[in-house]
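For reference, the structure is listed below as structure tokens.
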Amino acid sequence: MKLNFDTISVSPLKRVTTISEKTKRAVFRVQVGDRSFDLYIDSPSLSAPVGLEAAIPLALLPAMRLSKAIHVNGPVSITFLEGVKRVIDHYAQSFDEFSVVPITADSYYHAELGPSTRKASFFSGGVDSFYTLLKGRGDLTDIITIRGFDISLGDHPRWEKTRQSAQAVANELGVQFHEVESNFGVILKEFGSWVLHGHGLALASVARALANNFVEIRIPGSFSASAQIPWGSSAFTDPEYSDERLAIIHDTCDATRAAKTVFLANEPTALKYLRVCPGVKNDGNYNCCRCEKCLRTMVALYSVDALSQAPAFPLPLTPRLVSKALVLLKDAKMFTDENIQLIQNYRPEDKAMLRALRIQQLRPIWAANIQHKLMRKRRHMIQNLKKIKKHIFNFFGHVTRDNKL
């Protein structure tokens, strides 16, 4: 078949199939010119959908960036498609690199409410997801944890710790745990920023892939209702992926991140299993206690005298560490501002911690990013040197053994 390079096509490459005793798989293909992106999702909870809603968000970034139309080789929910068009308009208005593109399908259908009454929430173990879960504990019946988003597919030890923690949380709170694996980030990171543009699209795709299991899925909000900004996952876009079969809720409220952390300070389950660390240091700890996200959370817990009761953060907190923490995004500066307010309210006598937060607050974003890049280069250099030393050691060890023989 001759490819139409002016149109990005979305197709079902493999319908839901059982690949082992423990899981099922669906595979979609997004064709971008002569490049094929084969995107899979694995989960024991998968079942055959009516339409191709799960694949469509994955085609949006390449289409909007390259100004190419999208065609779906299969049926699509009418209500869902109208929402996706509003998402496209929002991205085009919010980000200079994206433009409005048309989207069509082979056929369209009216979605109907399914038999399930269960309500789920995405759960990474972080502050936002714990807050959404505990705030809605009387209503939520399930949690969904994903491998391949903030935890890379190759990081097996970290995923196993996260999976075990999520299962333990589900057991303690009496909800059902669903694990998912996907490689959706492959295409989203190729055509946009994962944080600024992509992660909400990936969550929407997972939610739509699990649509037969739930009547509602909640996406924990990163920002309070009054601080919403164009972002990968926001109140502007997440609900637009809903239709008559599934409601997708962007769970936002008046609580800031600091206020959420203070709320969690009174929740032993959260203090035990909270996971905020991106794991870039690969030090083997569940939370490294040294990256900006870890320190941000530790400061908030420290402010209300709860850090010592949080097993999830075993290493000590010092003002020096806080002052060196690099805030890399302008919008994340608000979290520093919130922590300053917490220290002023709860520990006004701690001048050293307040000074450390002021240093963090006043450091320019451009300077933080340069310093971050230099630190990454240094870390990679050290890792490469260790590999070289290991190879040299193995080589001479091998030569020595041969000589002895």
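The values are calculated or read from the model by the stated rules, or taken from the named source; none is laboratory data. Remember, predicted model here, so these are calculated numbers, not experimental data. All Cβ positions, even for glycine, are placed from backbone atoms using ideal geometry, and neighbour counts span all protein chains on display. These accessible areas exclude ligands, DNA and RNA; they are computed on the full protein's heavy atoms, side chains included. Shrake-Rupley method; radii C 1.70, N 1.55, O 1.52, S 1.80 Å.
Residue by residue, segment 357-368 carries 3J(HN,Hα) couplings of 5, 5, 4, 4, 5, 8, 5, x, 4, 5, 5, 5 Hz when phi is fed to the Karplus relation 6.51 cos²θ - 1.76 cosθ + 1.60 (θ = phi - 60°); x denotes Gly or Pro. According to the calculation over all Cα-Cα pairs in segment 227-359, the P(r) per 5 Å bin from zero is 2, 10, 18, 20, 19, 15, 9, 4, 3, 1, 0 %.
Restricting the calculation to Cα atoms, every distinct pair contributes to the Kirkwood radius of segment 117-163, found to be 11.5 Å.
What percent antiparallel are the DSSP beta bridges of the chain, to the nearest 5?
Numbers: 18 of 45 bridges.
Percentage antiparallel, nearest 5: 40.
Legend: distances between Cα atoms for 68/330; 260/333; 22/390; pairs beyond 27 Å are 68/330; 22/390.
Under Stokes-Einstein, with the Kirkwood radius over Cα pairs as Rh, the value for segment 139-278 at 37 °C and 0.692 mPa s is 203 µm²/s.
Highest mean packing comes first when the peptides 101-107, 379-385, 214-220 are listed by Cβ atoms within 10 Å, giving 214-220, 101-107, 379-385.
Straight-line cross-link partners of residue 24 among the lysines, defined as a Cα under 28 Å from its Cα and at least 8 positions apart when in the same chain: 14, 119, 161, 189. Bridgeable aspartates and glutamates around residue 135 (alpha carbons under 20 Å apart, same-chain partners fewer than 8 residues away excluded): 172, 216, 238, 251, 254, 267.
Sort 179, 292 by heavy-atom solvent-accessible area, probe 1.4 angstrom, most to least. Please list the in-between numbers first.
Values: 179 65, 292 35 Å².
Descending order: 179, 292.
The 1.4 Å probe gives accessible areas that order 393, 313, largest first, as 393, 313. Only helices enter this figure: runs of n ≥ 4 DSSP H residues, each worth -39500 (n - 2.57), summed and divided by the residues of the chain, yield -13500 deg cm²/dmol at 222 nm to the nearest 500.
How would segment 1-151 be classified by its alpha-carbon gyration tensor: rounded, prolate or oblate, with rounded meaning a/c under 1.5 and the a/b versus b/c comparison settling the rest? Because a/c hits 1.5 or more and a/b exceeds b/c, segment 1-151 counts as prolate. Straight-line reach from residue 377: taking Cα to Cα under 17 Å and skipping same-chain neighbours fewer than 8 places apart, the lysines in range are 281, 386, 387. Relative to the current alpha-carbon distance between residue 106 and residue 13, full extension at 0.36 nm per residue lengthens the span by 31.9 nm.
Determine how many Å³ per residue the convex hull of the Cα atoms of the chain encloses.
On the way: hull volume 75.5 nm³, N = 405.
Cα convex hull per residue, to the nearest whole number: 186 Å³.
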